[in-house]
Amino acid sequence: MKARGFTLVEIIAVLVVLGLLLAIALPRLLDRFGASEAAMSEVTKDLIAERSRLFAIERGITVTGTSCFINLPTLVDMGVIEEGLIKSNNYADRYHVVVEFKANTYVVTLSSEARNGLACSI
């Protein structure tokens, strides 16, 4: 009668090979996920800044002094950006929009630094 199945040595050999493949591939895979998250984060920040710039142009925001700031939840409430953009990355707690008016154009950036200046009059 023939025995069916694998021997213990064969099973251990397969597990060792799989372990080696995982040890080599897993760090590279995790690095790629990290890089894609960082790239997506930059795209999200750029999107928020651009929509905020268009909003500033459309509303004719008055910049008092050199700059003013807008809280991200305010932009969500006004329909400028979607709530998902700031919730998924916890941006509401970490960032705000800084609006400057330079050379007859609005310059809008997303900043995590302390809020210097006044809130923009919307």
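Throughout, read-outs are computed from the coordinates displayed, never taken from laboratory work. Predicted model, so just to flag it, every value in this text is computed and none were measured. We place every Cβ from the backbone using ideal geometry, glycine too, and count neighbours over all the protein chains shown.
Of everything listed in (1) out of contact with any strand residue (DSSP E or B) (no Cβ under 9 Å at 6 or more places or on another chain); (2) under 30 Å from H96 (Cβ atoms), the single unmet condition for K2 is (2). Restricting region 50-73 to residues that are out of contact with any Leu (no Cβ under 8 Å at 6 or more places or on another chain) and among the basic types (K, R), the residue that is farthest from Y106 (Cα to Cα) is R59.
The residue list I12, I48 contains one member that is closer than 30 Å to F101 by Cα and out of contact with any Cys (no Cβ under 8 Å at 6 or more places or on another chain), which is I48.
Just a yes or no: is a residue in region 58-66 within 24 Å of S121 (Cβ to Cβ), over 20 Å from the mean Cα position of the chain (by Cα) and part of a helix (DSSP H, G or I)? Taking every residue of region 58-66 in turn, at least one turns out to be within 24 Å of S121 (Cβ to Cβ), over 20 Å from the mean Cα position of the chain (by Cα) and part of a helix (DSSP H, G or I). Among the residues of region 75-108, those that are touching a strand residue (DSSP E or B) at 6+ places or on another chain (Cβ under 6 Å) and either surrounded by fewer than 16 Cβ atoms within 10 Å (Cβ to Cβ) or among the hydrophobic types (A, V, I, L, M, F, W, C) (or both) comprise V97, V98, V99, V107, V108. Comparison of F55, F33 shows that the only residue that is assigned to a helix (DSSP H, G or I), aromatic (F, W, Y) and surrounded by 15 or more Cβ atoms within 10 Å (Cβ to Cβ) is F55. Among the residues of region 67-122, the ones that are in contact with a helix residue (DSSP H, G or I) (Cβ under 9 Å, 6 or more places away or on another chain), in a loop (DSSP other than H, G, I, E, B) and under 20 Å from E42 (Cα atoms) come to 7 in all.
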